[in-house]
Every structure is written in C-alpha cells, then in structure tokens.
2 protein chains.
Amino acid sequence: MSKAANTRTMILTKSFELIYKQGYQATSIDNILATTQVTKGAFFYHFKNKDEMGLAMINEIIFPGMYASLVTPLLNAKSPINDIHEMMRIVLLKVPFLRAKYGCPAVNLIEEMSPLNEEFKQALLKLTDQWQDAIKESINQGKASGEVRADVNAEYVACFVVAGYSGIRNMGKAAGSACYNIYLQELKNYLKQLG
Amino acid sequence: MSKAANTRTMILTKSFELIYKQGYQATSIDNILATTQVTKGAFFYHFKNKDEMGLAMINEIIFPGMYASLVTPLLNAKSPINDIHEMMRIVLLKVPFLRAKYGCPAVNLIEEMSPLNEEFKQALLKLTDQWQDAIKESINQGKASGEVRADVNAEYVACFVVAGYSGIRNMGKAAGSACYNIYLQELKNYLKQLG
DNA sequence: TGCATTACATACTAATTAGTATTTAAAAGC
DNA sequence: GCTTTTAAATACTAATTAGTATGTAATGCA
C-alpha cells in the first residue's frame, strides 16, 4: 500500500473506532486528527468533507467487516436453524472488536444518522438488505430440505431475526452483555419451532 | 400551573420534540431557545446545565409517556398472548407522536447516550426494566391460567420481546414503517407458539 | 406597602466546530 | 535533472457551542 493510501486507511480506521464509541456527530474532525496524528491538510486532501469520510467509512470499513460476520456464514448454509443461531452467537459473543457497551456500529449509525443523511441511510440499508436476503435464502433452503415447515414465511423470519439482533444490541448497551445469552437462548426456541 | 412551571414544561416538551428528531447531542441549547422563545436566562434558571434538562426530560416526559403505552396495557392482562401483541401493535402503529422515521425516543436515547452518560442510562433502564417485568408477569399469569406452556421461561420471553421492539424501531428508521407489519405478523407466530 | 425571593432577560466569554487558503514537501514522469 | 502532479503541513476564519455575569421585572408574603 502506498503511503497516501495508508494515510487514507488510517483516517478511516481510527474514525471508525472513535465513531463506534462516541457516535458520528460527537466525533469531531479535530478529534480524529488528534488521535491519528494526521494533519487537517491531509484529511481534507483525502475527503472533501466530514460526510464524505463518513460514507467511505461505512462502505470500506463497516460494510465489509459486518458482511463477513453476518452474511458470509449463511452462504451455503447446511442447516438454517443451527447456522442462523451460530452466526448470531459468534456476532454477539465472539467478534473481538465489538463491545456490548458500544453496541453494533451499523445499528448505531442507522439509529443516529438515517433520519439525517439519506446517503448514510442507503449505504446502511444495503448491508441490512443483504443480511435479510441471506437469512431468507437459508430459510428457503431449509424449506426445500424439509428442515423448516412449508408454511413458514422466510421473509418474515428474516425481518424478525434482524430486528432481534438490532434490538439486543441496543439493550446490551444499557443492560450489559448478560442479556445476549438470554436472547440467544430464546432465539434458539424461536428457530427450533420453525421446524 | 404557575407561569414558571409552565416555562419549565414548555422547555421540556419542545426539547423532547427536537431531541426525538435530531438526537440529544445534535440539539443545542440555542436551538431549543430559538424554537421555544425562552431566553437563556430562563433556561439556566430552571436547569443548571443541559444534562440536567435531559435527565428531567427522560423522567418527566419520556418515562410517563412510554410507560402508559408499554406497561399500563399489560397490568391486569387477561390473555398475555393477545395482550402483548395488541400492546405492540398500538405502540408501533397507533401512538400519534411516534414516527417510523424517528424511531422510539427511549430507544434512540439508549443508543446514543447510555455509553456516554451513566445517569441517562439508569433512568432509561428503569423504563425497560419495568416493561420487561410487566411482560414477564403477564406471561407468568398465562402460565397459571394454562394459556402458556409450563416450560416457557417468562424472563427470556420478556427479553426477546423487548429486544424485538427496539430492533424493529431501528429497522423502521431506515426501511420505513412497512416492516412494522411484517414484524407484528411474525411476533404473533412467536407468541402463539408459547401456548 | 415594603422587601425578599423567584423568574427571567441581555450581553458576554472561551472553547470548539467544519472548512478554507496558502505554502511546502515528496513522488512520478519525461 | 527538471517539471508536474500528488500529498500533506500550517495558519487562518466564521459560526456555533455550553455556560456565566449581571441586571431587571414579576410575585409572594409579613
């Protein structure tokens, strides 16, 4: 990676960390510069304004990072009931850079920014849409294989599961990570009953 | 209500509206003053700083407002499966001052402020704790009456339902209110299967 | 009625904000 | 080597931020 590309990546990575913990609006450009040692000239050379940087951060850091945890494990799923639960367990308990106190960076940004910035909203929708599609597809495969009842609506299940994730991330921020285990238990009951 | 108390209430009410739509940190005191016609002197007479106002807003506007929609309908519930679903339907589709685009004011504040302000977090936890207790209690009554299976864990169900609500509020911000109906359908399936 | 307290009004400050203008250094191309 | 483009450094600005200092009305009550 060239030195310039390195500077750009550094800005995005550090911005991600700060925004994940503090929120987008609460993270100032000066705050980012202070923690990256990058100068204002470099920042505004790489991004024409804060929002352009924020959008790049969503597309280049958050989207691929979350996609790998949320969607990839469901592609070529063998048993949707187990695989969806396992995907959720890993996302909630095992992904190292996510902390209960700070929730999920994608959920946080949807919450804070989707009413305020249409571009952010669309970029984040892309992730949740693809996640819902992957869940729906795996449920449909479960229906084909007989693991899931024929009367189950795959799209509804996908919506319900994604909402559950966003919600438990919210709850975890205030109540702590203990609720993750309770949620995972009850998610298992819900998923089992689809079969 | 005395004139002074009226000023105070006006500040809290207008602040609620602005913070609901813009977020807490994005709503400046000057912004509140401009929309209320209240002067800075009056604001700082009633509240020693912005956070004290925010806390009062949570306790005096958000808590009672949401409690009436979330908890009250479950006290003396006759049929938990129907009553929980009906409570959710009304909260999502009928409460007039709530909009899909802006989500739920309590969920928004948990998301934005619980990692940053311990007092806010505790005040908001009080609401979600009482909501979970009310759900748990109604499930337990359902178990007593035989409507709900004996092996159902009421606490787990309460956590799962509250997470679902927070999550669908988050999803609705980006995806619009159409997902509310899908969620309600699948919530009905989930609740039915408890019986 | 007088006086104290309550309630509010106005003008200010110091810090922080996003963003710009200008200059300078490093690379790349020829 | 020389020039052009890329990348970054520095110094600034105008607006906005939370909060203060100080003053003045309105109100309650002895």
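Here are some notes:
- In nanometres and ascending order, the distances from the B:Ile90 label point to those of the other copies are 4.3 (point 7 Å from Cα along Cα→Cβ).
- Listed cross-link partners A:Lys48/B:Lys101; A:Lys143/B:Lys173; A:Lys136/A:Lys188; A:Lys50/A:Lys121 are compared with a 21 Å cut-off, the Cα-Cα value being larger for A:Lys48/B:Lys101; A:Lys143/B:Lys173.
- Charge context of B:Lys173, other residues only, Cβ under 11 angstrom, K/R +1, D/E -1: +1
- Comparing A:Ile62, A:Ile182, A:Ile135 in a Gaussian network model of chain A, where Cα atoms under 10 Å apart are tied by springs, the biggest mean-square fluctuation is seen for A:Ile182.
- Each of the peptides B:45-54, A:76-85 was scored by the mean count of other Cβ atoms within 10 Å over its residues; in descending order, highest first, they stand as A:76-85, B:45-54.
- When chain B is treated as a Gaussian network with alpha carbon springs shorter than 10 Å, the biggest mean-square fluctuation among B:Pro73, B:Pro96, B:Pro64 belongs to B:Pro96.
- Over all projection directions, the Cα-based convex hull of the protein assembly as shown averages an area of 20.9 nm².
- For the residues B:Phe120, B:Phe97, B:Phe16, a GNM of chain B with alpha-carbon springs under 10 Å puts the largest fluctuation on B:Phe97.
- Each other residue within a Cβ distance under 13 Å of B:Phe160 adds +1 if Lys or Arg and -1 if Asp or Glu, for a net charge of -1.
- Summing +1 for each Lys or Arg and -1 for each Asp or Glu among the other residues whose beta-carbon sits under 15 angstrom from that of B:Thr7 gives +3.
- For chain B, the membrane-span-like helices by this rule, meaning whole DSSP H stretches whose C-alpha atoms cover at least 27 Å of axis and whose Kyte-Doolittle mean is -0.5 or above, are B:3-22, B:154-175; this says nothing about an actual membrane.
- The rotation axis bringing chain A onto chain B passes closest to the chain A residue reported with its distance as A:Gly167, 1, by C-beta distance in whole Å.
- Distances between copies at A:Ser145, taken between label points 7 Å from Cα along the C-beta direction, are 4.0 nm in increasing order.
- Remark: relative contact order (chain B) = 23 percent; criterion is Cα-Cα distance under 8 angstrom and separation of 6 or more residues.
- Distances between copies at B:Ile29, taken between label points 7 Å from Cα along the C-beta direction, are 2.7 nm in increasing order.
- Proportion of all alpha-carbon pairs of chain A beyond 29 Å (%): 30
Since every read-out is calculated from the coordinates, none of them should be taken as a lab result. Quick caveat, the model's predicted, so the values are computed rather than measured. Neighbour counts run over all protein chains shown; Cβ positions are idealised from the backbone, glycine included.
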